[in-house]
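Peer 1: Quick one: this structure, given as C-alpha cells, is what I'll be asking you about.
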Amino acid sequence: MKAIELKKGIYWVGAIDWDLKNFHGYLTRRGSTYNAYLIVDEKITLIDTVKAPFFEEMLARISSVINPNQIDYIVSNHVEFDHSGALPFLKPLTPKAKILTSFNGEKGLKAHFDTTGWDFEIMKLGSQLKTGKYTFSFVPVPMVHWPDSMMCFLEEEGILFSNDAFGQHLATSQRFDDELPLSDIMVEAEKYYANIVLPFDMPVKKALEEAGKLNNVTMIATSHGIIWRKNIAKILEKYQQWANHETQDKALILYDSMWESTKTIALALGSQLEKKGIPYHLMSLGQNHISDVMAEVINAKYIMVGSSTVNNQMLPTVASFLTYLKGLKPKKRIGLAFGSYGWSGESIAHIEEFLKGTNMEMLPSVSLTYVPKKEELKKLVEKALESL
Ligand code: FEO
C-alpha cells in the first residue's frame with residue numbers, strides 16, 4: 001500500500017473499502033473510498049483520516065512517503081467516523097501535530113474521542129495556514145454534511161479539499177474522473193447527492209458560492225470516490241441544479257401490492273402517462289432498495305406512490321420509503337397517491353398526508369376496491385392526470 005502522488009509532493013493516502021454495501025442505510029453497491037491527503041512542504045499536513053478499520057492502510061500509505069511523526073498539521077474537515085475514525089490511532093504517532101478544525105469540529109471531536117493532550121486550532125472562514133511555499137485557506141461549510149463540515153483550499157495548486165461535497169460512493173483503484181467513464185461517476189454522484197446531500201440545499205448553495213470565489217480550481221479532491229480534475233464545471237453545475245431541485249418532466253411510479261391490484265393501477269398510470277408523452281419509471285418498493293428509489297426521485301417532477309391497505313395501514317415497504325423521503329426533503333415535486341383496498345382504504349389518505357408533508361402539490365388520488373375494473377380504472381386515471 002503506497003501513497004499515490006497527485007501532484008509533486010501532494011499525495012492520496014486514503015483507503016479503498018471494496019466491500020462496503022451499507023452506508024447508514026444507503027445501499028453502496030460499488031463500495032466507497034475514504035480519501036485522506038498528505039501535503040509535503042516545509043511543514044507537513046495531513047487532510048482527514050479514514051474509517052477506523054482502515055487505519056493500517058492509511059498508515060502504510062503515509063509511511064511510504066514520510067515518517068508519520070513528521071506530520072505538523074492534521075486538518076479535520078469533518079468529524080463523522082468515516083473521516084475521523086482513524087484519528088485516535090494516528091494521533092499518538094504524530095506527537096507534534098496540531099489539529100486544525102472548525103469550531104464545531106473541535107466540539108465534535110471532543111464528543112467522539114478522548115482528546116486529552118490534543119492541540120486544537122479553530123479555523124474560520126478566511127483563516128489561512130502557511131506551510132512553506134503553500135498556503136491553505138479554510139471554508140467552513142456547516143451542514144454539508146454535519147455542523148462541523150469544512151473545506152480547505154490549497155491556493156498555489158488550486159486544489160479544493162471538499163470533504164463530503166462532490167463525492168461518490170465508488171470503490172476504485174483509479175483516482176481521477178478522467179480515468180473512468182464519466183457516466184459511471186455521475187450516476188454515483190447523483191445517488192450520493194440524493195441520499196445524503198439533498199436536505200441541505202441552502203448550505204450547498206452557500207458552499208457553491210464560497211467555492212465560486214476561489215481562483216483557478218484545478219482539482220476538487222473529495223473525501224469519497226474519485227477526484228475531479230477534468231469535469232469540475234460539470235459537477236459544480238450538477239450541484240447547482242440539484243440544490244435548486246431542478247427536475248425533468250418525468251414521473252416516478254412507486255408501489256407495493258398485496259394481490260397485484262395496486263400494481264394494476266400503477267401500470268394504468270404508466271399507460272396514461274405514455275399517451276401523454278410523459279416519460280415514467282415504475283418501481284416496486286418491495287423489490288427495490290429505498291436508496292435506489294431516491295436516485296430516481298432526484299430528477300422526477302411527479303412522484304406517484306401506491307399501496308394496498310393492510311390492517312388499516314399502508315404496506316410497511318411504502319411506509320419505510322415515505323419516512324426516508326420525508327427526511328430527505330425533495331422540493332418542487334407533484335405527488336399522487338393511489339391504491340386498491342378491500343373495505344377501509346386508509347393507505348391512500350396516509351400516503352397523501354405524507355406527500356403533502358413534504359410540501360408536494362397533489363394530483364387527485366386514484367383508489368379502487370378489490371380488483372380494478374378496466375373501464376372504471378381508465379376513467380379514474382384519465383381524471384387524475386388530466387391536468388398534465
Ligand atoms: Fe463522509 Fe459525512 O461523512
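Peer 1: Consider residue 41 carefully, then state whether it is charged (D, E, K, R), under 23 Å from residue 105 (Cβ atoms), open to solvent by 10 Å² or more (accessible area, probe 1.4 Å) and away from the ligand (no atom under 16 Å from the Cβ). Full working, then the answer.
Peer 2: Working: charged (D, E, K, R): yes; under 23 Å from residue 105 (Cβ atoms): yes; open to solvent by 10 Å² or more (accessible area, probe 1.4 Å): yes; away from the ligand (no atom under 16 Å from the Cβ): yes.
It is true that residue 41 is charged (D, E, K, R), under 23 Å from residue 105 (Cβ atoms), open to solvent by 10 Å² or more (accessible area, probe 1.4 Å) and away from the ligand (no atom under 16 Å from the Cβ).
Peer 1: Right, here's the next one. Out of the residues in segment 45-58 that are in contact (Cβ under 8 Å) with a residue 60 or more places away in the chain and within 15 Å of residue 149 (Cα to Cα), state the one that is nearest to the ligand (Cβ to nearest atom).
Peer 2: Going residue by residue through segment 45-58, those that are in contact (Cβ under 8 Å) with a residue 60 or more places away in the chain are 45, 47-48.
Checking the rest, the ones that are also within 15 Å of residue 149 (Cα to Cα) come to 47-48.
On the way: 47: 13, 48: 9 Å.
Among residues in segment 45-58 that are in contact (Cβ under 8 Å) with a residue 60 or more places away in the chain and within 15 Å of residue 149 (Cα to Cα), the one nearest to the ligand (Cβ to nearest atom) is 48.
Peer 1: Within the group 230, 133, which residue is away from the ligand (no atom under 15 Å from the Cβ), free of Cβ contacts under 8 Å to residues at least 60 places away in the same chain and of a type in the set (D, E, K, R)?
Peer 2: On the way: 133 fails: free of Cβ contacts under 8 Å to residues at least 60 places away in the same chain.
Step by step, each of 230, 133 is checked, and only 230 is away from the ligand (no atom under 15 Å from the Cβ), free of Cβ contacts under 8 Å to residues at least 60 places away in the same chain and of a type in the set (D, E, K, R).
Peer 1: Here is a check on your reading of the model: is residue 137 touching a strand residue (DSSP E or B) at 6+ places or on another chain (Cβ under 8 Å) and part of a loop (DSSP other than H, G, I, E, B)? Spell out how you get there, then give the answer.
Peer 2: Values: touching a strand residue (DSSP E or B) at 6+ places or on another chain (Cβ under 8 Å): yes; part of a loop (DSSP other than H, G, I, E, B): no.
When the stated conditions are applied, residue 137 does not pass them.
Peer 1: Collect the residues in segment 59-118 that are open to solvent by less than 10 Å² (accessible area, probe 1.4 Å), in a helix (DSSP H, G or I) and either in contact (Cβ under 8 Å) with a residue 60 or more places away in the chain or away from the ligand (no atom under 16 Å from the Cβ) (or both), keeping them in residue-number order. Full working, then the answer.
Peer 2: Taking segment 59-118 and keeping what is open to solvent by less than 10 Å² (accessible area, probe 1.4 Å), we get 62, 71, 74-79, 82-87, 90, 94, 97, 99-102, 105, 109.
When the remaining residues are screened for being in a helix (DSSP H, G or I), the result is 62, 82-84, 87, 90, 105, 109.
If the condition is that a residue be open to solvent by less than 10 Å² (accessible area, probe 1.4 Å), in a helix (DSSP H, G or I) and either in contact (Cβ under 8 Å) with a residue 60 or more places away in the chain or away from the ligand (no atom under 16 Å from the Cβ) (or both), then 62, 82, 83, 90 are the ones that fit.
Peer 1: Looking only at residues that are open to solvent by less than 10 Å² (accessible area, probe 1.4 Å) and β-branched (Val, Ile, Thr) in segment 215-244, which one is nearest to residue 77 (Cα to Cα)?
Peer 2: Of everything passing the filter in segment 215-244, 222 is nearest to residue 77 (Cα to Cα).
Peer 1: Somewhere in segment 189-198, is a residue touching a residue at least 12 places away in the same chain (Cβ under 8 Å), more than 22 Å from residue 16 (Cβ to Cβ), in contact with a Lys or Arg (Cβ under 9 Å, 6 or more places away or on another chain) and more than 16 Å from the ligand (Cβ to nearest atom)?
Peer 2: Within segment 189-198, not a single residue is touching a residue at least 12 places away in the same chain (Cβ under 8 Å), more than 22 Å from residue 16 (Cβ to Cβ), in contact with a Lys or Arg (Cβ under 9 Å, 6 or more places away or on another chain) and more than 16 Å from the ligand (Cβ to nearest atom).
Peer 1: Next question, about the same structure. When segment 248-290 is examined, which residues are found to be surrounded by fewer than 21 Cβ atoms within 10 Å (Cβ to Cβ) and assigned to a loop (DSSP other than H, G, I, E, B)?
Peer 2: Listed by number, the residues that qualify are 258, 259, 260, 276, 277, 278, 279, 286, 287, 288, 289.
Peer 1: Given the criteria at pLDDT below 95 and assigned to a loop (DSSP other than H, G, I, E, B), does residue 364 qualify? Break it down stepwise before answering.
Peer 2: Numbers: at pLDDT below 95: no; assigned to a loop (DSSP other than H, G, I, E, B): yes.
For residue 364, the condition - at pLDDT below 95 and assigned to a loop (DSSP other than H, G, I, E, B) - is not met.
The values are calculated or read from the model by the stated rules, or taken from the named source; none is laboratory data. Since this is a predicted model, take the numbers as computed values, not measurements. Don't worry about glycine lacking a Cβ; one is built from the backbone with ideal geometry, like all the others, and counts go over all protein chains shown. With ligands, DNA and RNA removed, areas are computed over all heavy atoms of the protein, side chains included. Shrake-Rupley method; radii C 1.70, N 1.55, O 1.52, S 1.80 Å.
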